[in-house]
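See structure below.
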Amino acid sequence: MNRCPPNTDKKALKRWFFIDKRVRQIFFLKSTSLHLLGPSVNHHIFEVISFSTSTKLMDIKSNHNAPVLTGTAPMNKSRLGIHSSLYSPPGVVFSPGRILTIPRRKPVKLDDVWSSSWLDAMKSSSPTHRKKAKNSGNEMASTDTDVAYHNWMLKYPSALASFEQIINNAKGKRIALFLDYDGTLSPIVDNPDCAVMSNAMRAAVKNVAQYIPTAIVSGRSRDKVYEFVGLKELYYAGSHGMDIMGPVRQGSNDHPNCIRSTDKQGKEVNLFQPASEFLPMIDKIYRSLVETTKSIEGAKVENNKFCVSVHYRNVDEKHWKTIAQYVQETLKDYPRLRLTHGRKVLEVRPVLDWDKGKAVEFLLESLGLSNSDDVLPIYVGDDRTDEDAFKVLRDGNCGFGILVSSVPKESKAFYSLRDPSEVMVFLKSLVVAKKSSSL
């Protein structure tokens with residue numbers, strides 16, 4: 001539309017400004033004269049001339065009342081200087097009393113930006129569980145969620161529904177199986193100390209390990225995850241792969257951080273700990289975080305040997321930002337440590353080029369299964385830290401990841417499973433296929 005204020009000559013008019021007091025932003029409106037507009041502007045509709053105030057154009061929507069700004073741009077003096085030749089039409093003189101002044105916004109503290117960005121990350125990595133529908137509105141929302149999950153599964157098909165395809169791809173190959181723990185073999189629980197796997201799951205893992213080399217790769221400390229699983233048939237990688245106990249293989253594992261040791265059964269093993277020099281630092285920051293977060297109800301700090309986990313699953317959401325600020329403040333004195341986040345947990349880790357993907361590569365080499373076309377690694381996990389392993393397998397075109405999730409999210413995995421119960425069915429299916437010589 002191209003309506004102008006009443007009592008104006010469209011041929012004689014040039015340009016005029018509209019200033020939205022809510023956002024302190026200048027709009028150029030296609031009109032023909034310069035006016036300092038009053039409240040009456042809300043009764044007219046204007047066609048907006050595209051005008052760039054930053055690296056991108058403002059996006060403006062109109063309704064029958066007034067233009068609405070949907071994207072703001074930072075302001076400075078050059079954009080608000082009324083006497084600028086850019087904003088002053090020829091022949092127009094401003095009286096000092098009619099010059100518009102707009103107060104500057106208060107400067108934003110970088111710490112506030114950091115905390116807000118981490119709060120967004122904490123929320124995005126902590127999807128809420130679906131609640132049972134109590135009325136038609138909730139039922140409709142639940143239906144929409146089901147449709148979204150169904151559409152998502154077109155990209156990440158169920159590993160159970162696609163099991164025959166997986167078996168066909170595995171024929172003539174040696175499978176190596178890697179499993180995350182929390183959210184994969186055990187359900188996510190409020191108290192991380194109570195994340196105990198069921199006896200049925202333990203039996204399923206034990207059975208599959210008799211036929212397929214199997215390793216647990218967890219963010220927990222290696223000792224803690226071994227305590228939960230309790231199976232000597234497996235290999236264990238704790239602290240996101242920074243603490244690995246793997247098999248001894250002659251002529252391999254010459255890494256400087258790899259030493260010979262013995263497991264609890266007295267069997268000789270290779271112990272790989274690339275972050276061993278960080279142990280004193282990790283212990284110190286663990287004690288600091290315990291002290292600084294003790295006033296926040298529900299917060300729990302866990303020492304996972306080579307990383308520190310700050311759980312906020314039981315913390316009121318209004319205090320999440322406070323937790324992020326406390327962790328940030330503590331980390332200021334530790335430039336060699338970095339902060340990552342998972343499912344309702346913040347994790348302090350060494351600045352080290354090592355992750356679950358590197359751990360998978362190390363274990364494959366330890367098992368004598370690296371750089372071989374007849375090997376098919378399968379990694380099953382639910383957390384964002386498992387994406388490093390998914391990426392290694394996808395980029396190397398040597399295996400595939402299976403994401404455990406009941407909500408749609410982007411991933412480097414090829415397949416999906418909804419929850420630990422489906423993981424157990426998948427493991428049992430592998431055993432059946434192995435026994436029947438399908439693999």
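Annotations
- For segment 420-433, taking the residues that are open to solvent by 50 Å² or more (accessible area, probe 1.4 Å) and out of contact with any Leu (no Cβ under 8 Å at 6 or more places or on another chain), the one that is farthest from Gly241 (Cα to Cα) is identified as Val432.
- The residues listed here are Ser221, Ser198; of these, the one that is under 25 Å from Glu297 (Cα atoms), modelled with pLDDT of 95 or more, over 20 Å from the mean Cα position of the chain (by Cα) and not aliphatic (A, V, I, L, M) is Ser221.
- Picking from residues in segment 375-393 that are touching a Lys or Arg at 6+ places or on another chain (Cβ under 7 Å) and closer than 30 Å to Asn314 by Cα, the one that is surrounded by the most Cβ atoms within 10 Å (Cβ to Cβ) is Asp386.
- There is no residue in segment 241-257 that is at pLDDT below 95, open to solvent by 20 Å² or more (accessible area, probe 1.4 Å), over 28 Å from Lys358 (Cβ atoms) and not basic (Lys, Arg).
- Selected residue (criterion: nearest to Leu154 (Cα to Cα)) from residues of segment 364-415 that are of a type in the set (D, E, K, R), at pLDDT 95 or above and in contact with an Asp or Glu (Cβ under 8 Å, 6 or more places away or on another chain): Lys412
- Count of residues meeting criterion [of a type outside the set (Asp, Glu) and open to solvent by 10 Å² or more (accessible area, probe 1.4 Å)] in segment 350-374: 12
- Flag set for Ala359, criterion: at pLDDT 95 or above, on the phi < 0 side of the Ramachandran plot and in the same structural domain as Arg394 (by the TED database).
- Given (1) open to solvent by 60 Å² or more (accessible area, probe 1.4 Å); (2) at negative phi, number of the condition Gln328 does not satisfy: (1)
- Set side by side, the residues Val290, Val269, Val310, Val301 differ, and just one is surrounded by fewer than 18 Cβ atoms within 10 Å (Cβ to Cβ) and either at pLDDT below 95 or touching a strand residue (DSSP E or B) at 6+ places or on another chain (Cβ under 8 Å) (or both), which is Val290.
- Residue match in segment 153-161 (condition: touching a residue at least 60 places away in the same chain (Cβ under 8 Å), of a type outside the set (Gly, Ala, Ser), in contact with a Pro (Cβ under 8 Å, 6 or more places away or on another chain) and not in a helix (DSSP H, G or I)): no
- Subset of segment 198-218 that is touching a Phe, Trp or Tyr at 6+ places or on another chain (Cβ under 8 Å) and touching a residue at least 60 places away in the same chain (Cβ under 8 Å) - its residue that is surrounded by the fewest Cβ atoms within 10 Å (Cβ to Cβ): Pro213
- Test for Asn304: is it under 21 Å from Leu271 (Cβ atoms), of a type in the set (S, T, N, Q) and either in contact with an Asp or Glu (Cβ under 7 Å, 6 or more places away or on another chain) or not assigned by the TED database to the domain that holds Ala176 (or both): yes
The values are calculated or read from the model by the stated rules, or taken from the named source; none is laboratory data. Nothing here was measured: the structure is a model prediction, and the numbers come from that model. Backbone-built Cβ (ideal geometry, glycine too); neighbour counts: all protein chains shown. The protein model used for the area step is the full one, side chains on, heavy atoms only, and it has no ligands, DNA or RNA in it. Shrake-Rupley method; radii C 1.70, N 1.55, O 1.52, S 1.80 Å.
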